[in-house]
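Have a look at the structure below, then the notes.
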Amino acid sequence: MESKSIFSGGSASPDFNFSSPAVLNLLQNKKIDFVGTATSDFQAEPLTYNENGDPIITNDWELEVMKNLNGKKSGIQTPQTLSTFPSFFGNKQLYVKRSREIGQNMFRFSLDFGRLCPNEGDFNAKLMAEYVSTLAHIKAQGQEPMLTIYHWPMPCYLIKTNNDGIIETGGWENADVIKHFRFYIESVVKFLSDETQVRNVLQGEGFTKQFQDQIISEGLVQYFITVNEPESVLLPGYMVGLFPPYKKGRIDLLIKVLNRMVEAHQIATNCLKEGLRNQSGKVKVSVAHAWPYFDGLLGDFAHSLINNLIANRFEKGSEQSDFLSLQYYFRMSVPTFTRSNKLFMEHPYFSEVYPKGILENLKRMSFQYPGKEIFISEFGFSETEDKLRPFLSMETVRYIFEAMDQGVQVKGILLWSLVNNLEWAWGMEQRFGLFHEHELKTPLQNSEAGSIQSWEAWKAVADAITNPNELTIKSLQSSYETAKNQFHNVLASADRKAS
């Protein structure tokens, strides 16, 4: 039997009230520990450079970026301009500072396999020191980092290209990929566990002896994601042909690639737990699963075939991961007959925007792997004008609260993303960020009365989650009402123009 809903009038009621005593009671007694944003290394820094200022091509996605910038056919579908690319490392302190300013207490980003291991048997300790510096600045701002080990780019020496630079064989197909991945993760763990190297980085950044001792004792990272969205390696890469290695309908390769990613996850889990076991905070490891919400006549079949099948290979009967990680963006009705009366945002690959789908997927995941805490490690919406997103973000949070009320253990919520970044095949045109990078250099400016920006909506969410009291949930409800009015006014205006 379904638990009593926190919605006023049931789970289908459109009149949700964040300032309800039931919401406050929920947040105080089933507390969400973390709220933040997520990004990946490559997307936040699409190119890196050597000492002469020349681009360094170490992975398959950098290869595609350079082809695009040089006017050649590329997996990035629209022409890109170098001046629009973000520079995370050059602005990392601004990123972390802004994250804290909007009330967040978690910051997720990733390492890069190819950049850290640019050649066979080589490990870029200088770059690893830059990652450690970033982790330290996150900790210094009172935030908890979540670190992704593998977020899609593969080293160039693991792929095979023809004379035109077209990828013929992907990195996960390489017979030696596991050997090189093991070297990568062992080198990362060795650096993170080396007190001398970590202390040298912290000293170079000007951190106090007291802070250095704290970091050495606690460790820099407690939460790790080994593999980000294996589904997005398999389906866009080997079925649709949108991601490297750009193969369509290669069902014959899916199992091989999946098996190797599962093995990489197991190796990374063992290395992290063994190599960082002396930290006072227990290391916790997971895989980030991208689950669309499937419904329609064949929705359950699609969920079992895609979501369940891939997740089960990693989760091993719910005993492998320390926590579960759900990434949710859209609903797909199977079969799909029409787009009428549905909301579609700007992203061409994503299907229907459907906030309530996160409730259904959270319940599915909790039922499938009972007793485990769940991070929503990504959700978000791409929109240039930033008029619909505030409401959609808060409406998603509404359904997360509903899932919690029905017994789902939610540990944290991370929005994609703090700053606009390179959205893989779709370039810089897709805007998921709460900010443009240049906006990090200027103070926050609130909207005029009657309107709201996504960062304001998200700050209201963060404040209510991290400090639940009557004042913060009242402010959350006020922001929600403003966002809802703005959302419906924009849609009504669009309808009038269309007619």
18 Å cut-off, amide nitrogen to a point 7 angstrom out along Lys179 Cα→Cβ, residues in segment 222-240
none
Find which of Asn119, Ser87, Ile76 sits farthest along the positive direction of the dipole of segment 74-119, computed with +1 on the beta-carbon of Lys and Arg, -1 on that of Asp and Glu, about the Cα centre.
Ser87
Relative compactness, segment 215-309, computed as alpha-carbon Rg over 2.2 N^0.38 Å:
1.36
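Dividing the Cα radius of gyration by the Kirkwood radius, what Rg/Rh value follows for segment 174-235?
Details: Rg = 16.0 Å, Rh = 14.1 Å.
Using Cα coordinates only, the ratio equals 1.14.
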In segment 164-272, what is the count of Lys pairs whose alpha carbons are under 25 Å apart, counting only pairs at least 8 residues apart or on separate chains?
6
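Give, as a single signed number, the net charge of other residues whose beta carbon lies under 13 Å from the beta carbon of Val96, with Lys and Arg counted +1 and Asp and Glu -1. Spell out each step's value before the answer.
On the way: positive: Lys92, Lys97, Arg98, Arg100, Arg108, Lys139; negative: Glu101, Glu144, Glu205.
Around Val96, the charge tally is +3.
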Using label points projected 7 Å from each Cα along Cα→Cβ, tell me how many nm separate Ala494 and Ala22, to one decimal.
3.1 nm
Just going by the charge dipole of segment 74-175, with Lys and Arg at +1 and Asp and Glu at -1 on Cβ, which of Asn174, Met154, Asn105 is farthest out on the positive end?
Asn105
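Where the only charges are on Cβ atoms (+1 Lys, Arg; -1 Asp, Glu), what is the dipole of segment 127-195 about its Cα centre, to the nearest 20 debye? It would help to have the intermediate numbers written out before the result.
Details: 5 positive and 9 negative charges, 19 e Å.
Dipole about the Cα centre, nearest 20: 80 debye.
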About the Cα centre, charge dipole magnitude for the chain (Lys/Arg +1, Asp/Glu -1 at Cβ), debye:
500 debye
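Under unit Cβ charges (Lys, Arg +1; Asp, Glu -1), what dipole magnitude, rounded to 20 debye, does segment 198-331 have relative to its Cα centre? The partial results should precede the final answer.
Working: 14 positive and 13 negative charges, 63 e Å.
Around 300 debye, computed over segment 198-331.
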Run the simple label-point estimate for Asp164 and Gln266 please: 7 Å along Cα→C-beta, distance reported in nm.
4.0 nm
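Using Stokes-Einstein with the Kirkwood hydrodynamic radius over Cα pairs, what translational diffusion coefficient do you get for segment 66-190 at 4 °C and a viscosity of 1.567 mPa s, in µm²/s rounded to a whole number? Could the numbers behind the result be given before it?
Working: Rh = 16.7 Å.
Translational diffusion coefficient: 77 µm²/s.
Compute for segment 28-109: radius of gyration divided by Kirkwood radius, i.e. Rg/Rh, restricted to C-alpha atoms, rounded to two decimals.
1.12
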What length, rounded to one decimal in nm, is gained on full extension from Lys126 through to Ser451, with 0.36 nm per residue of separation minus their alpha-carbon distance?
112.5 nm
Remind me, what semi-axes does the chain give for its equivalent ellipsoid, largest first in whole Å, using sqrt of 5 times each Cα gyration tensor eigenvalue?
34, 27, 24
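Would you mind working out the accessible area per residue for the chain, using a 1.4 Å probe, and quoting it in Å²? It would help to have the intermediate numbers written out before the result.
Numbers: 20680 Å² over 499 residues.
Per-residue accessible area for the chain comes out at 41 Å².
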Using a 1.4 angstrom probe on heavy atoms only, work out the carbon and sulfur share of the accessible area of the chain in %.
49 percent
Hey, can you grab everything whose amide H is under 5 Å from the amide H of Phe435? Only 5+ residues off in sequence or another chain; H modelled, so Pro and N-termini drop out.
Val419, Asn420
Per principal axis, largest first, the Cα atoms of segment 348-451 extend in Å by 44, 36, 24
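If you average 1/r over all unlike Cα pairs in segment 453-499 and invert the result, what Kirkwood radius do you get in angstrom? Don't jump to the answer; show the numbers that get you there.
Working: mean 1/r = 0.0857 Å⁻¹.
In segment 453-499 this quantity evaluates to 11.7 Å.
So how many Å³ per residue does the convex hull of the Cα atoms of segment 249-393 work out to? Spell out each step's value before the answer.
On the way: hull volume 22.3 nm³, N = 145.
Dividing the Cα hull volume of segment 249-393 by its residues yields 154 Å³.
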Calculate the FRET efficiency for Ile56 and Asn200 from the Cβ-Cβ distance with a Förster distance of 25 Å, rounded to the nearest 0.05.
0.60
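Would you kindly calculate the translational diffusion coefficient of segment 231-280, applying Stokes-Einstein with the Kirkwood radius from alpha carbon pairs, for 4 °C and a viscosity of 1.567 mPa s, and quote it in µm² s⁻¹ without decimals?
On the way: Rh = 12.2 Å.
The Stokes-Einstein estimate is 106 µm²/s.
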For every other residue with a beta carbon closer than 14 angstrom to the beta carbon of Val189, add +1 if it is Lys or Arg and -1 if Asp or Glu, then tell me the sum.
0
With viscosity set to 1.306 mPa s and temperature to 10 °C, compute the Stokes-Einstein D of segment 403-499, Rh being the Kirkwood radius across alpha carbon pairs; µm²/s, no decimals.
100 µm²/s
What residue among Ile225, Gly249, Phe207 has its Cα farthest toward the positive end of the dipole of segment 201-282, where the charges are +1 on Lys, Arg and -1 on Asp, Glu, each on the Cβ?
Gly249
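The values are calculated or read from the model by the stated rules, or taken from the named source; none is laboratory data. Computed from a predicted model, the values in this text were never measured in an experiment. Please note: Cβ atoms are built from the backbone with ideal geometry, for glycine as well, and neighbour counts cover all protein chains shown. Heavy atoms of the whole protein, side chains included, go into the accessibility calculation; ligands, DNA and RNA do not. Shrake-Rupley method; radii C 1.70, N 1.55, O 1.52, S 1.80 Å.
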